[in-house]
Amino acid sequence: MDLRQMEYLVALADEGQFTRAAAVCRVSQSGLSAAIRTLEDELGTTLFLRTTRKVEPTDAGLALLPFARQMLAQATAGRDAVVRASRELSGRLRVGAEQCLGIVDVPTLLERFRRRYPQVDIHFVQTGSHDLVAQVREGDLDVAFVATTDHLGAVARTELGRRRLVLLCPPEHPLAASSRIEWADLRDEDFIDFQESWAVRSLNDEAAAAHGLGRRVRCTVNDVHTLLDLVQRGLGVALVPQHVAAKPQAAGLASVQLPASSTPEWVVSAVTAAAPAASAPLLLEILDSELRGDEQRAA
């Protein structure tokens, strides 16, 4: 057994499908399938039940899975220890992020970076995506995690993931029982939304305008949990990315789908300055490793 086989095993167990697991591991589907078969031959047992609809671990696969995760975690810890011993990187790294991006767990990412490069002085700021892009563009931040593709100029952007917008409303709201609504159904609603520096506010305003919808934004907030609280209290409805609707604080609220063909996607990206600190690419390397599942799967 080797680390690559363990990575494939964990990815396949988590994703439940060869195609998605191969994409996570950045390998061809045939390559991943062959590696799993080789592992099964080596162990003399079947690790996964394969059907046309899904792939599930057998009892043997489930027994091996925690040890596979442990092997990968130990390998990551070992690499971190070697880096700490051989690369005493120093200097300053200025990072920014919008709140609750979902796709990237920024606090965990900064913690991992600090463990690997303890001599780097990290400065972190949390604000809206439009403000963050401006700070990166002006050289005040080295890297920022944002949810906008607007006003980037020459700023380098790496897309990290996408989410659809959904409507959140109290369970007693007339639209709560709908499985899907049209934009015209929102014409007479009161809205709760974020400040204009937040990317989702621009996305909502532009989408509403494109559908001839004059929105009444009654409450403007600068915090996801405050928005959810106001919706819970019946002060309005909100248009949010899917992962916000899945937060524990949104329990009890109705999440209603909008037409996929006419609803814009919420796009999360990493943007970097024209001349970032030397440590900025190393932060993104750690993020890339996390998104590939070397330490944890992002959402």
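Bear in mind that the values in this text are calculations on the coordinates, not laboratory data. Note that the structure is a prediction, hence the values are computed from the model and not measured. Note: ideal-geometry Cβ built from the backbone for every residue, glycine included; neighbour counts use all protein chains shown.
Just a few scattered comments:
- When peptides 141-148, 32-39 are ranked by their average number of other Cβ atoms within 10 Å per residue, the highest-first order is 141-148, 32-39.
- Within segment 163-266, percent of DSSP bridges classed antiparallel, to nearest 5: 60
- Relative contact order %, the chain, counting alpha carbon pairs below 8 Å whose residues are six or more apart: 23
- Cα long-axis angle, helix 106-116 against the chain (0 to 90 degrees, to the nearest 10): 30
- Helix 3-15 axis, angle to the chain major axis (alpha carbon atoms, nearest 10°): 40
- From largest to smallest, the equivalent ellipsoid semi-axes obtained for segment 102-241 from the alpha-carbon gyration tensor read 33, 17, 13 Å.
- Segment 266-280 residues near the modelled Ala156 label - backbone nitrogen below 19 Å, point 7 Å along Cα→Cβ: 268-280
- Only beta bridges with both residues in the chain are counted; by DSSP, about 60 percent of them are antiparallel.
- Amide H contacts of Ala254 (H built 1.01 Å from N, under 5 Å, at least 5 apart or other chain): Cys169
- Convex hull volume of segment 3-86 per residue (C-alpha atoms, cubic angstrom): 96
- Over segment 3-86, relative contact order from alpha-carbon pairs under 8 Å, at least 6 apart, %: 30
- 0 to 90° range, to nearest 10: angle between helix 280-291 axis and the chain longest Cα axis: 80
- The tail of the calculated P(r) for segment 163-266, taken as Cα-Cα distances beyond 21 Å, holds 23 percent of the pairs.
- Local net charge near Leu168, Cβ-Cβ under 12 Å (Lys/Arg +1, Asp/Glu -1): -2
- Longest to shortest principal axis, alpha-carbon extents of the chain, angstrom: 64, 51, 31
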